[in-house]
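A short worksheet on the structure shown next.
The values are calculated or read from the model by the stated rules, or taken from the named source; none is laboratory data. Keep in mind that this is a model prediction, so the values were computed, not measured. Calculation scope for accessible area: heavy atoms of the full protein, side chains included, ligands and nucleic acids excluded. Shrake-Rupley method; radii C 1.70, N 1.55, O 1.52, S 1.80 Å.
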Amino acid sequence: MLLAGLLGAGEDAFLCDMAEFYGILEPRAQPVRRLAALAAGLPARARCRLALAGEKADPALLLLASIADRLGFLCWAQTRDGQRGKNRPPSVLAALLGAEGPAKPLPRQGQPDGPLAYENGAAFEAARQSILNRKGGQEYGN
């Protein structure tokens, strides 16, 4: 099943990973059991594993980018531009992720995207019971 999932995530990525990690240039010439065993042994940074997990980059690379961003910010903060809040350096992490900033979780359907406030404890309990009564609470992981 893992082999099928990795191939489904991207056959080209799987072929590249087989060549890089195992030196196998023609995976189709290998027995399926051997390919499945090798696929299970691929490291987390393998292209097809990242594609299967929906990740854009290796977690170690993202950590290094985050460190570079923090160091760049600290150096910038010591300059005149930093003290004035101008010309902040661009984020390496955001460039890797293709975003302007850290990803924000999406709100649940029908829910506001900000924090909720209640007038009193009774209003909170009523809202809580309303949530728990919907589909037996399964929609919210209960």
Leaving ligands, DNA and RNA out of it, work out the accessible area of residue 91 with a 1.4 Å probe and give it in Å² to the nearest 10. 50
Largest-first ranking of 12, 81 by accessible area, probe 1.4 Å, whole protein assembly kept, is 12, 81
Mind grabbing the accessible area of residue 131 for me, 1.4 Å probe, Å², rounded to tens? 50
Grab every C-alpha pair in segment 14-88, bin the distances at 10 angstrom width from 0 up to the longest one, and report whole percents. 17, 30, 19, 14, 12, 7, 1
